[in-house]
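The values are calculated or read from the model by the stated rules, or taken from the named source; none is laboratory data. Since we're looking at a predicted model, the values are computed, not measured. With ideal geometry, Cβ positions are generated from the backbone for all residues, glycine too; neighbour counts draw on all protein chains shown. Each accessible area value is taken on the protein alone, full model and side chains, heavy atoms only, with ligands, DNA and RNA left out. Shrake-Rupley method; radii C 1.70, N 1.55, O 1.52, S 1.80 Å.
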Amino acid sequence: MSEETIVNRVQQNTKLVTLDLQKFHDDTPIEELDIKQFLFQELMLKEKDFREQIKEFDWSEYEGKYLTVYCSTDAIIAPWAWMLITSYASEFAKDVYKGRKEAFQHQLYQRELDKYDWDQYKDKFVLLKGCGKVHVPDSIYMLATNKLMKRAKKIMYGEACSNVPVWRG
């Protein structure tokens, strides 16, 4: 008796490839720090006071996490102040970023997408997976679409059984 291998010829011969952008997600916690607390009346940077507060601040709470630093008031913050914060925080934090959490999430994805081999999608029909456990920012779908348009034949969004055509080359 010979064993026969069952081959799904539809799947084997298809040019449809699913790309799940969730695989680029970094699940390291991201914390935000509003530096207004280090400013005089939350508006003015007084160098001596600022340096003292930054030095006394417990940076260890950011151990192994990403830290995004911003100021929610209209204070004018000198570049050296952001640098000083970085010099203390980076001893504990995995990375320190000036801005809000959402912008940093985009940057984390972008770092990974920039290293990715997009040429594997040349002349393919690419389905960008739409649903998942992790939220992928809309800006990342835009970035992936940009990269795929240079290579793919067709880009779709959603699931294989129910997708939305986005672009055709």
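Scanning the stretch 130-148 for residues that are without any contact (Cβ under 8 Å) to a residue 40 or more places away in the chain and open to solvent by 80 Å² or more (accessible area, probe 1.4 Å) yields a total of 5.
Quick one: count up the residues across the stretch 89-103 that are over 28 Å from Leu143 (Cβ atoms) and surrounded by 15 or more Cβ atoms within 10 Å (Cβ to Cβ). Give the derivation first.
Taking the stretch 89-103 first, the residues over 28 Å from Leu143 (Cβ atoms) are 91-92.
Then keep just the ones that are surrounded by 15 or more Cβ atoms within 10 Å (Cβ to Cβ); that gives 92.
Within the stretch 89-103, residues that are over 28 Å from Leu143 (Cβ atoms) and surrounded by 15 or more Cβ atoms within 10 Å (Cβ to Cβ) number 1.
Selection of the stretch 141-156 for residues being farther than 17 Å from Lys15 by Cβ and either part of a strand (DSSP E or B) or of a type in the set (Phe, Trp, Tyr) (or both) yields only Tyr141.
Condition first: under 13 Å from Ile85 (Cβ atoms) and without any contact (Cβ under 8 Å) to a residue 40 or more places away in the chain. Now tell me which residues in the stretch 34-46 satisfy that.
Initially, the stretch 34-46 is screened for residues under 13 Å from Ile85 (Cβ atoms), giving 34-39, 45.
Those that are under 13 Å from Ile85 (Cβ atoms) and without any contact (Cβ under 8 Å) to a residue 40 or more places away in the chain: Asp34, Lys36, Gln37, Phe38, Leu39, Leu45.
Just one of the listed residues (Gln41, Gln37) is modelled with pLDDT of 95 or more, among the polar types (S, T, N, Q) and at positive phi, and it is Gln41.
Which of the residues spanning the stretch 108-134 are part of a helix (DSSP H, G or I) and over 16 Å from Asn146 (Cβ atoms)? Don't jump to the end; show me each part of the working.
Of the stretch 108-134, the ones part of a helix (DSSP H, G or I) are 108-115, 118-121.
Matches in the stretch 108-134: Leu108, Gln120.
Return yes when Leu127 is open to solvent by less than 60 Å² (accessible area, probe 1.4 Å) and in contact (Cβ under 8 Å) with a residue 40 or more places away in the chain and no when it is not. Before the answer, list the steps.
Working: open to solvent by less than 60 Å² (accessible area, probe 1.4 Å): yes; in contact (Cβ under 8 Å) with a residue 40 or more places away in the chain: yes.
Considered against the rule, which asks whether it is open to solvent by less than 60 Å² (accessible area, probe 1.4 Å) and in contact (Cβ under 8 Å) with a residue 40 or more places away in the chain, Leu127 comes out as yes.
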